[in-house]
Amino acid sequence: MYHPKGNSRAKDTALVVFNEAEPPDHLSGMVHRYLELYTSEPLASDYRFHALPDACTYIVLNQTQRDITGVARLQASAKELSLGKAFHFVNIRFLPGTWQGPREAIVPGIVDRPYHGDLPLRAVNRSLAGMSFAAQQNVLNGLVEDLMARGLLIPNPMVQRIFREMEDIHSVADMAEVTGLSSRQLQRVLKETTGFTPHDFLKILRLQQSLLGEPSLSYADQSHFIHAFKKATGYTPGKFAKKFHV
């Protein structure tokens, strides 16, 4: 299955706390994890969040400015995001292809403006105030259930097939064969449901598998892996391991 590492935290920043929790079983086909990221006290300088390539969609809830919330998606290459000296975020990470809400509302990378859409994100964000992360998950469960009832979260059988057969996928052609689609159909459906082309989707899967230390979706050789890893993250595998927790 797909277990993405959506962020990498600098090892020299002990004041930044990261928590994650699995959803209840009845939501596990939609939600990968609930996430919390916050500073235990203000930092001396702005924190640079190294966002890894990831095919998931996120709801971002800014607990320090509760009107700031929205839906975001990362990209096929790593991106550094400045989070400031003090922050507190609670996020929902949805599995790839399950979010079927308005495409134009998705923000690339970071959510930094008040939300003005039709979803109850601002109300939910305010309701989380003062709760522990464990208590907040009950509220997040309710939000996910509401999004499912609205038809904005839908299981994606095509992506689920890709994840089940990841060890046998080494090319876009393999991906098309696994899904039973032509290359042109795969291009259209994958772009519509995940926001990524098959080529970028495969790049993300390969990188994420390498972060887990798994041999599936292997690269042609070690030099190819190092080149692809550096292009996607900005670091060689060795330098990345020294600098970041994943």
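For this structure, a couple of remarks:
- Criterion: among the acidic types (Asp, Glu) and touching a helix residue (DSSP H, G or I) at 6+ places or on another chain (Cβ under 6 Å) - qualifying residue of GLU165, GLU145: GLU165
- Residue in segment 181-201 that is in contact with a Leu (Cβ under 8 Å, 6 or more places away or on another chain), outside the structural domain of ILE106 (by TED's automatic domain parsing) and part of a loop (DSSP other than H, G, I, E, B) present: yes
- The residue that is modelled with the lowest pLDDT, among those in segment 208-246 that are among the small types (Gly, Ala, Ser) and exposed (fewer than 15 other Cβ atoms within 10 Å of the Cβ), is SER218.
- Selection within segment 57-82 - within 30 Å of HIS199 (Cα to Cα), outside any strand (DSSP E or B) and not polar (S, T, N, Q): LEU74, ALA76, ALA78
One line per residue, one yes/no per condition, for (1) over 17 Å from GLN63 (Cβ atoms); (2) modelled with pLDDT under 95; (3) not in a loop (DSSP other than H, G, I, E, B):
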{"residue": "ASP118", "(1), (2), (3)": "yes, yes, no"}
{"residue": "ARG122", "(1), (2), (3)": "no, no, yes"}
{"residue": "ASN125", "(1), (2), (3)": "no, no, yes"}
{"residue": "ASN138", "(1), (2), (3)": "no, no, yes"}
{"residue": "LEU143", "(1), (2), (3)": "no, no, yes"}
{"residue": "ASP146", "(1), (2), (3)": "yes, no, yes"}
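- The number of residues in segment 118-150 being of a type in the set (Gly, Ala, Ser) and under 21 Å from the mean Cα position of the chain (by Cα) comes to 2.
- Matching residues in segment 156-180 - criterion: being surrounded by 16 or more Cβ atoms within 10 Å (Cβ to Cβ), touching a Leu at 6+ places or on another chain (Cβ under 9 Å) and either farther than 30 Å from ALA241 by Cβ or polar (S, T, N, Q) (or both): ASN156, MET158, GLN160, ALA176, THR179
- Close pairs from segment 196-225: first over 13 Å from TYR2 (Cβ atoms) and of a type in the set (Val, Ile, Thr), partner at pLDDT 75 or above and part of a helix (DSSP H, G or I), Cβ under 8 Å, at least 6 apart: THR197/GLN187; THR197/LEU190; THR197/LYS191
The values are calculated or read from the model by the stated rules, or taken from the named source; none is laboratory data. Predicted model only: the values in this text are computed from it and were never measured. For neighbour counting, all protein chains shown are included, and Cβ atoms are generated from backbone atoms with ideal geometry for every residue, glycine included.
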